[in-house]
């Protein structure tokens, strides 16, 4: 059977703040289940621009681009953590 991956996203500006601790606890609770992998992505310290209300993000090609950017950021974080 395939593994289930759970990604906790922390959108709070303070690094290692209360929100991060709560997400860590929630993810930790899921490690008791077999075939479950967890990871956390923190927005703190990342450059994120404000919304310009252009609605470009609603275009299907843009959604794929944003999703790809998020996946790349998580992969980079995992690479930095592992090695």
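Read-outs throughout are calculated quantities, based only on the coordinates presented, and are distinct from any laboratory measurement. Since the model is a prediction, treat every value here as computed from it, not as a measurement. Please note: Cβ atoms are built from the backbone with ideal geometry, for glycine as well, and neighbour counts cover all protein chains shown.
Given Cα pairs under 8 Å that are at least 6 residues apart, what percent is the relative contact order of region 1-70?
Relative contact order comes out at 36 percent.
Sketch the reach of a paramagnetic label on residue 28 as a point 7 Å from Cα along Cα-to-Cβ, and name the residues of region 1-22 whose backbone nitrogen lies under 13 Å away.
Of the residues in region 1-22, 20-22 have backbone N under 13 Å from the label point off residue 28.
Suppose each label sits 7 Å from its Cα in the direction of the beta carbon; what would the residue 37-residue 76 distance come out to in nanometres?
In this crude label model, residue 37 to residue 76 measures out at 2.0 nm.
Would region 1-47 count as rounded, prolate or oblate if I go by the C-alpha gyration tensor, calling it rounded below 1.5 in a/c and otherwise prolate when a/b exceeds b/c, oblate otherwise?
Oblate.
According to a simple spin-label model (label point 7 Å from Cα along Cα-to-Cβ), what is the distance in nm between residue 57 and residue 15?
2.4
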